[in-house]
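K.L.:
Submitted below is the structure of interest, expressed as structure tokens.
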Amino acid sequence: MAKVAQARQAGSLIESPDITPEELQLAVRNHSMPLEALRYAITPVGLHYLLIHFDIPTVDVADYELTVAGHVRKPLRFTLDQLAARPSTTLAVTLECAGNGRARLSPRPMSQPWLAEAVGTAEWTGTPLAPILEEAGVLDGAHDVVFTGLDRGVQGGVDQYYERSLSLTDAMRDEVLLAYAINGRPLPPQHGFPLRLIVPGWYGMTHVKWLRSITVLDRLFAGYQQARAYHQRATADDSGVPVTRMLPRALMVPPGVPDFMSRTRFVEPAMHTIEGRAWSGRAPISGVDFSADGGASWTEVTLDAPVSPFAWNGWSHRWGPTAVGEYELCVRATDAAGNVQPMDQSWNLEGVENNAVQRVHVVVGAAADRQEPADSR
Ligand SMILES: Nc1nc2c(c(=O)[nH]1)N[C@H]1C(S)=C(S)[C@@H](COP(=O)(O)O)O[C@H]1N2
Ligand SMILES: [Mo]
């Protein structure tokens, strides 16, 4: 507990339920996906969540080059046109930030204060990475493959370019892409123009945006975002467990209509179709359960086929509250590897991998005196 107290003093944990000005700065730069956008199988680009650690770099395509170097026989360089001329694959992939759910922790780790909706699913088009590594001729003894972005900043007192690595085995997987398009359009600046890495199934931090170089190392990569950040750990001394693939999570579109400020939902006493999405990067989703009583009792919902092997499943459930009153709606996903969402958050120092069940408070009955739309006839 001494370390937690220390971190609290250093300002990396906060007890107060109030969002600080620093968190607000991050929250207005980086937005989540409005829950009603769960209605789209493929998230419209502007509704997909965003997480940018430093500044969005501006890139002139005329000067842009991707380099592949390090522990390889033949270092390579590619312009964007050369990458676009290679074989291409389009894959629907669900991305979720590893810090999703962080804002509900207490004490709260100081970082982007996500609620539950730091997620989105896009159709990414790009060229597979494995053939490029094969062409470069990875030498014996290769260990990690490092992906470096063009964006630079300071985090944890370290001046750095954003970079993350994968083991050679993970980097060589068929589904790993160097993507230059999202939903059929060139990447917009905020999603990594002109090129980003896509590693289906993994939490967001893996998918390096504004990719400038790929470096094969004959040793373990020890960069900040790999070795220090993105670990499930209780104290700063704990070496922790690295964050890798997404744990299961289900989210629902909150039913009814919201109160502007509190977001409390007002629902008519009638039959409603509750709908949403569920995903896991560990194994296919095997079931989703719905509760209207805060998790005291559960019913299995109707699950649709996944949008792709690497994207969420739609689901729906008919719910007909007859009694006027307050309800807490919950939804819980289970995957085929037996991972199930917990009811409560598991606290850790960075607030990562929080996949506790979503709770939506609804009031069944009249919201307030209704003002009908003006008659325009
Ligand atoms: N170069 C670079 N890549 C990055 C980041 C970054 O700040 N810089 N943020 C990462 C994190 S933490 C997440 S969650 C995803 C978010 O991707 P999106 O903004 O396209 O949704 O990008 C990842 N790739
Ligand atoms: Mo993230």
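K.L.:
Determine whether the range 272-284 contains at least one residue that is under 30 Å from A323 (Cβ atoms), more than 12 Å from ligand 1 (Cβ to nearest atom) and of a type in the set (A, V, I, L, M). Before the answer, list the steps.
P.N.:
First, the residues of the range 272-284 that are under 30 Å from A323 (Cβ atoms): 272-278.
When the remaining residues are screened for being more than 12 Å from ligand 1 (Cβ to nearest atom), the result is 272-278.
Pick out the ones that are also of a type in the set (A, V, I, L, M) and you get 274, 278.
Yes, because at least one residue in the range 272-284 is under 30 Å from A323 (Cβ atoms), more than 12 Å from ligand 1 (Cβ to nearest atom) and of a type in the set (A, V, I, L, M).
K.L.:
Mind listing whichever residues of the range 318-369 are under 21 Å from W279 (Cβ atoms) and modelled with pLDDT under 95?
P.N.:
D344, Q345, S346
K.L.:
Still on this structure, please answer the following. When you go through (1) under 25 Å from R29 (Cα atoms); (2) assigned to a strand (DSSP E or B); (3) more than 11 Å from ligand 1 (Cβ to nearest atom) one by one for I214, which number turns out not to apply?
P.N.:
With (1) under 25 Å from R29 (Cα atoms); (2) assigned to a strand (DSSP E or B); (3) more than 11 Å from ligand 1 (Cβ to nearest atom) applied to I214, the lone miss is (1).
K.L.:
Being of a type in the set (D, E) and within 16 Å of ligand 2 (Cβ to nearest atom) is the filter here; which residues of the range 123-179 pass it?
P.N.:
Taking the range 123-179 first, the residues of a type in the set (D, E) are 123, 134-135, 140, 144, 151, 159, 163, 170, 174-175.
If the condition is that a residue be of a type in the set (D, E) and within 16 Å of ligand 2 (Cβ to nearest atom), then D151, E163 are the ones that fit.
K.L.:
Here's a follow-up. Test each condition in (1) out of contact with any Pro (no Cβ under 8 Å at 6 or more places or on another chain); (2) under 28 Å from W279 (Cβ atoms); (3) within 12 Å of ligand 1 (Cβ to nearest atom) for D55 and report the one that comes out false.
P.N.:
It is condition (2) that D55 fails.
K.L.:
Would it be correct to say that G184 is modelled with pLDDT of 95 or more and away from ligand 1 (no atom under 12 Å from the Cβ)?
P.N.:
yes
K.L.:
For the range 201-224, which residues satisfy the criterion of being surrounded by 14 or more Cβ atoms within 10 Å (Cβ to Cβ) and over 26 Å from D335 (Cβ atoms)?
P.N.:
The answer is K209, W210, L211, R212, S213, I214, T215, V216, L217, F221, G223, Y224.
K.L.:
Kindly check whether there is at least one residue in the range 154-162 that is β-branched (V, I, T) and under 24 Å from A92 (Cα atoms). Give the steps one after another, and end with the answer.
P.N.:
The first filter runs over the range 154-162 and keeps only residues β-branched (V, I, T), leaving 154, 158.
Remaining after also requiring under 24 Å from A92 (Cα atoms): none.
So far as the range 154-162 goes, no, none of its residues is β-branched (V, I, T) and under 24 Å from A92 (Cα atoms).
K.L.:
Same structure again: Go through the residues of the range 188-204 one by one and say whether even a single one is free of Cβ contacts under 8 Å to residues at least 12 places away in the same chain and in a loop (DSSP other than H, G, I, E, B).
P.N.:
No - not one qualifying residue is present in the range 188-204.
K.L.:
Kindly indicate whether any position in the range 254-263 is under 26 Å from R39 (Cβ atoms) and either in contact with a Leu (Cβ under 7 Å, 6 or more places away or on another chain) or outside the structural domain of G320 (by TED's automatic domain parsing) (or both).
P.N.:
Yes, the range 254-263 contains a residue that is under 26 Å from R39 (Cβ atoms) and either in contact with a Leu (Cβ under 7 Å, 6 or more places away or on another chain) or outside the structural domain of G320 (by TED's automatic domain parsing) (or both).
K.L.:
I've got another one for you. Which residues, taken from the range 220-230, are in contact (Cβ under 8 Å) with a residue 12 or more places away in the chain and farther than 14 Å from L166 by Cβ?
P.N.:
Y224, R228, A229
K.L.:
Tell me, please, whether a residue that is under 21 Å from R212 (Cα atoms), in the same structural domain as E22 (by TED's automatic domain parsing) and more than 12 Å from ligand 1 (Cβ to nearest atom) can be found in the range 148-158.
P.N.:
yes
K.L.:
Residue by residue through the range 51-87, note down the ones that are part of a strand (DSSP E or B) and in contact (Cβ under 8 Å) with a residue 60 or more places away in the chain. Before you say what the answer is, go through the steps one by one.
P.N.:
Kept after step one, since they are part of a strand (DSSP E or B), are these residues of the range 51-87: 66-70, 72, 76-78.
Within the range 51-87, L66, T67, V68, A69, G70, V72, L76 meet the criteria.
K.L.:
Another question, then. If you scan the range 217-249, which residues turn out to be closer than 17 Å to D159 by Cα, out of contact with any Ser or Thr (no Cβ under 8 Å at 6 or more places or on another chain) and in a loop (DSSP other than H, G, I, E, B)?
P.N.:
Once the filter is applied, which keeps residues that are closer than 17 Å to D159 by Cα, out of contact with any Ser or Thr (no Cβ under 8 Å at 6 or more places or on another chain) and in a loop (DSSP other than H, G, I, E, B), the range 217-249 yields A222, A229.
K.L.:
Quick check on G201: is it more than 18 Å from T58 (Cα to Cα) and at pLDDT below 95? Give the derivation first.
P.N.:
On the way: more than 18 Å from T58 (Cα to Cα): yes; at pLDDT below 95: no.
Judged against the criteria, G201 is not a match.
K.L.:
On to the next question. Among A85, A98, which is within 15 Å of ligand 1 (Cβ to nearest atom) and either surrounded by 18 or more Cβ atoms within 10 Å (Cβ to Cβ) or assigned by TED's automatic domain parsing to the domain that holds M33 (or both)?
P.N.:
Among A85, A98, only A98 is within 15 Å of ligand 1 (Cβ to nearest atom) and either surrounded by 18 or more Cβ atoms within 10 Å (Cβ to Cβ) or assigned by TED's automatic domain parsing to the domain that holds M33 (or both).
The values are calculated or read from the model by the stated rules, or taken from the named source; none is laboratory data. This structure is a prediction, so every number in the text was calculated from the model and none was measured. We place every Cβ from the backbone using ideal geometry, glycine too, and count neighbours over all the protein chains shown.
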